[in-house]
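Report on the structure given below.
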Amino acid sequence: MAEAGRTRLASALIANGSLSSDWLSTYHAVPRHWFVPDLIWPGQGDGVRQGDAVNRHADPVTWWNAVYTDAPLTTQWDDGDHTGDGRGTVPTSSNSMPTMVFSMLGALDVADGDRALEIGTGTGWNAALLSHRLGAGSVATVEVDEASAAEARFRLARAGYAPQLVVGDGSKGFAAGAPFDRVIATCSVRRVPYAWVEQARPGGVIVAPWAPEYGGEAVVRLTVGEDGTASGRFVGSSAFMRLRQQRTSRPGSLEYLSDPWPADGARSSTSLSPEDVGGWLAMFAIGVQVPEAFPLVERYADGTYTLWLHDTAVTSWATVEWEPDRTAYEVVQSGRRRLWDEVAAAWHWWDSRGRPGFDRFGLTITPGGQMVWLDSPDNPVPQS
Ligand SMILES: C[S@@+](CC[C@H](N)C(=O)[O-])C[C@H]1O[C@@H](n2cnc3c(N)ncnc32)[C@H](O)[C@@H]1O
């Protein structure tokens, strides 16, 4: 069963372009099932939602099928506070989707002799793949969660690999092992920690999933310059778990209202449909322009919904009502920020440039901060 599944998944990854020929022997030498725990919650549909728990002992056929399906496998909820077979609140560790694993390794573009740092050991699969390719002595991997790290260490040893496994906050990198030729993060960031730039050699490459607060996410591939900056383009859509230290709390809508909705909100209407601003790429394009704000969708039994917008400072909110067959949608806004106006302006900016894809956006990291650009670093994306 394992052999047929492995071959089938390899074919799918080769066909979608993520598994390149230079990683094929590593794929076969480091089987995914060595790094998948007995209890998993496989990703469903687009991979972002978690299905029911699958237990290897109770249902081995489903477990093997899940392992050799191109989907992420959640392995931990709520930083390990959640136990049992149910779903927890926030998924916090996983064995990543194979397409993402191999497309990110492809983007990392390693060469023999390279030294690599991974942030987010998780189950240890990616660290094992890197160890097979580069030699475990050339690989360091950092995991913040002690229990995940201990399990990964056990699985890596069982597979015959002993990369340097550090338990700690990967946003600090791993200074003792620097300089690295390659840095890869398998948890997403809002800001690329400058330590990763400092710990990579000039000409080195950093590959990391990057997401604005608003939503939308893509993998960025940065090349480190001689001048202490790092810059490069986004290479494709992604959906990773957030680096623990960069999570933000997202208060519920009720915390924004002094009185029952619409409280003191100012009413208006818009011809821009909430449907248009809800796609992953549109959210990314909006998110890079509208800082410290996030959407929340409240759905009703009749299929209509309210799009809520909030700011992280808990000063402002907006609602937009979506109903089918409308050309105008009711808007209510309150607070010092007019969040729907900001989102609509950001969407029009993106639309008027031909709705650029992830690959037309880029990111530059300096000691003082970061800047998102469109097409070239001298064309910064405006912020509201
Ligand atoms: C998607 S999983 C990583 C998948 C992993 N590379 C694999 O091959 O199984 C993300 C991991 O990042 C870890 N993580 C989150 N914040 C971190 C941090 N600050 N430093 C190191 N690891 C972190 C999580 O605990 C989680 O295990």
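Data table
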read-out: GNM flexibility winner over the chain from ALA107, ALA282, ALA328 (Cα, springs under 10 Å); value: ALA328
read-out: Estimated vicinal HN-Hα couplings, Hz - the stretch 305-315 in sequence order (Karplus 6.51, -1.76, 1.60; Gly, Pro = x); value: 8, 10, 8, 9, 10, 9, 9, 5, 7, 6, 10
read-out: Fluctuation leader among GLU342, GLU198, GLU226 - the chain, Gaussian network, Cα springs under 10 angstrom; value: GLU226
read-out: Residues with amide H under 5 Å from that of TRP210, placed H, sequence gap 5 or more; value: VAL189, ALA218, VAL219, VAL220
read-out: Estimated 222 nm signal from helices in the chain, with DSSP H stretches of n ≥ 4 weighted -39500 (n - 2.57), rounded to 500; value: -7000 deg cm²/dmol
read-out: Total formal charge among the other residues, if their Cβ is under 13 angstrom from that of ASN126, Lys/Arg +1 and Asp/Glu -1; value: +2
read-out: Estimated vicinal HN-Hα couplings, Hz - the stretch 277-284 in sequence order (Karplus 6.51, -1.76, 1.60; Gly, Pro = x); value: 9, x, x, 4, 5, 4, 4, 4
read-out: Under the Karplus curve 6.51 cos²θ - 1.76 cosθ + 1.60, θ = phi - 60°, whole-Hz ³J(HN,Hα) for the stretch 76-86, x wherever Gly or Pro sits; value: 8, 10, 6, 6, x, 6, 8, 10, x, 8, x
read-out: For the stretch 226-384, diffusion coefficient by Stokes-Einstein and Kirkwood Rh (Cα), 25 °C, 0.890 mPa s, µm²/s; value: 143 µm²/s
read-out: Using alpha-carbon coordinates, inclination of helix 98-108 to the longest axis of the chain, degrees; value: 80 degrees
read-out: Length-normalised contact order of the chain in % [C-alpha pairs under 8 Å, at least 6 apart]; value: 11 percent
read-out: Residues whose placed amide H lies under 5 Å from that of PHE180, excluding near-sequence neighbours; value: ALA200, ARG201
read-out: Top positive-direction residue, dipole computed over the chain with Cβ charges, set VAL314, VAL220, PRO274; value: VAL220
read-out: Nitroxide proxy distance, nm - points 7 Å out along Cα→Cβ at ARG49 and ARG355; value: 2.4 nm
read-out: Size of the stretch 2-237 as Cα extents on the principal axes (Å, biggest first); value: 55, 36, 32
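We did not get these values from a lab; they are worked out from the coordinates using the rules stated. Here the structure is a predicted model, which is why all the values come from computation and not from measurement. Glycine gets a Cβ as well: all are built from the backbone with ideal geometry, and neighbour counts include every protein chain shown.
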